[in-house]
Each structure stands twice: as structure tokens, then as C-alpha cells.
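What follows is a single structure, written as C-alpha cells, with notes after it.
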Amino acid sequence: MGKFCCCNCIFSCVCACIFQILCVIIVIFGILFLAIWLIWRPNKVYFHMSDASLAKFDFSPSTNTLDYDLNLNFEIRNSNEKIGIKYELIEAKSNFHQKKFATTNFELFSQDSKNTTILHQEIKGQSEVQFGDREKSDYENEKKNGAFNIYTMFNVHMRLKSGWITTGKIKFVVGCGLKVPLKSDNTSPSTFKRTNCMVFPSWAS
């Protein structure tokens with residue numbers, strides 16, 4: 001009986017010590033995280049489409065091919081005072097009424113704090129797309145109006161850096177709903193309006 005009580009006390013002491021050590025570790029990590037946050041004070045990174053135009057957007061119903069020439073000016077604003085950003089992936093997927101017709105990678109770069117960078121990209125090519133009656137009708141109507149509704153989604157991978165500290169890879173998705181004027185004949189009455197893009201978690205892609 002005495003041995004059982006002694007073993008029980010030892011076990012309780014060991015458990016109490018382990019619990020105290022875990023609490024200390026959690027508190028230390030919490031203090032470190034708070035200190036880093038207070039030093040860095042991270043702010044949002046803002047994404048806009050400052051300009052977009054179509055030099056060509058021709059759909060052939062007989063072959064189900066889309067011939068396109070899309071020009072984008074993608075604006076990224078790092079509003080942080082002490083944090084730089086290293087971009088490791090900027091992949092753009094362009095869609096017309098949920099039908100993807102192009103995928104391209106933007107040039108990678110590092111961005112200083114309090115900096116705005118505009119990335120220009122020409123997305124040009126020919127793709128096979130399966131348009132139903134609804135998409136074909138939308139295409140014809142938007143062609144008559146001189147502007148197309150194009151949704152471009154960016155898969156972005158980046159790391160934050162400040163001095164010798166660099167974070168792990170941060171992944172997210174940026175979505176831009178665009179009304180893009182067709183400029184092939186220079187007679188389009190539409191002009192592009194600067195568009196704010198939304199940020200989503202990476203699993204939303």
C-alpha cells in the first residue's frame with residue numbers, strides 16, 4: 001500500500017513538472033511572437049489591376065478555339081514600414097465566364113517596404129474552350145458592347161523579410177473581376193476602370 005502511494009506521488013510530480021515546462025514554453029513563444037509583431041507591425045499588401053485591355057479576343061464556334069491577346073498591369077502595394085517581400089510565385093489564370101483560357105507566370109521580384117510595383121504582362125495565344133449556348137450568347141453580347149468580363153485569379157507564394165529574419169512561405173489567392181475593353185479596332189467606347197482585387201486563402205483556388 002505504501003509503495004503504491006509513493007509511486008502515485010512520483011507520477012503526479014512528473015506530470016506536474018511536464019505541465020509546468022509546457023506552460024513555460026508556451027509563454028516564451030507567446031512573448032517572442034508578441035515582440036516580433038510589435039517590432040514588425042505587419043500591414044496588408046494591396047493588389048489592384050491598374051489597367052487591362054484586349055488587342056484580340058476572337059472565338060471560332062466551328063473549331064471551339066479562342067484567339068486572345070490580353071494585356072494586364074497588375075499593381076502590388078507593400079504598405080509595411082519595416083517588412084520587405086520576396087515573391088516566389090505569381091501565377092495568373094484567366095477565365096471567361098468560368099471557362100479558363102490562359103495560364104501564365106509573372107516575373108518574380110523582391111519588394112522593399114513602402115513600395116508600389118506594377119507588373120506588366122501580355123497574355124497571348126490560342127486555346128480550345130468549350131462554350132455552351134449561354135457562354136456563346138454572353139460572348140456575342142459583350143463583343144457588341146466592346147468589353148468582356150474576364151476573371152483573373154493569381155496564385156501567390158511569398159515570404160516576408162526584415163533584417164536577418166525571413167518567414168516561411170505564405171500562400172494565398174488573389175481574385176480580380178475585370179471588365180476589359182476590346183481595343184483591336186481602336187473604336188471601343190469602353191475604358192478600363194482601376195479594379196480592387198480580393199485576397200483569399202490558398203485552398204479557395
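The values are calculated or read from the model by the stated rules, or taken from the named source; none is laboratory data. Bear in mind that the values here come from a model prediction, so they are computed numbers and not experimental data. Cβ coordinates were reconstructed from backbone atoms using ideal geometry, including for glycine residues, and neighbour counts include every protein chain displayed. What goes into the accessible areas is simple: the full protein's heavy atoms, side chains included, and nothing from ligands, DNA or RNA. Shrake-Rupley method; radii C 1.70, N 1.55, O 1.52, S 1.80 Å.
Things worth noting here:
- Computed from the alpha carbon atoms alone, the convex hull of the range 83-205 holds 126 Å³ per residue.
- Here's the list of lysines a cross-link from Lys99 could span, going by alpha-carbon distance under 28 Å and ignoring same-chain residues fewer than 8 apart: Lys56, Lys124, Lys136, Lys143, Lys144, Lys171, Lys179, Lys183, Lys193.
- Annotation for the range 84-143: trypsin sites (Lys or Arg not before Pro) lying in DSSP loop with at most 16 further Cβ atoms inside 10 Å of their Cβ are Lys114.
- Charged-residue dipole, Cβ positions (Lys, Arg, Asp, Glu), the range 118-159 about Cα centre, Debye nearest 20: 200 debye
- In this structure the range 103-184 gives 57 Å² per residue of accessible area when probed at 1.4 Å with all protein chains present.
- Packing here is the average count of other Cβ atoms within 10 Å per residue, and on that basis the peptides 162-171, 52-61, highest first, run 52-61, 162-171.
- Förster-model FRET efficiency, 25 Å R0, Glu122 and Ser79, C-beta, rounded to 0.05: 0.35
- At R0 = 30 Å, FRET efficiency that the Cβ-Cβ distance of Ile28 and Asn115 yields, to 0.05: 0.30
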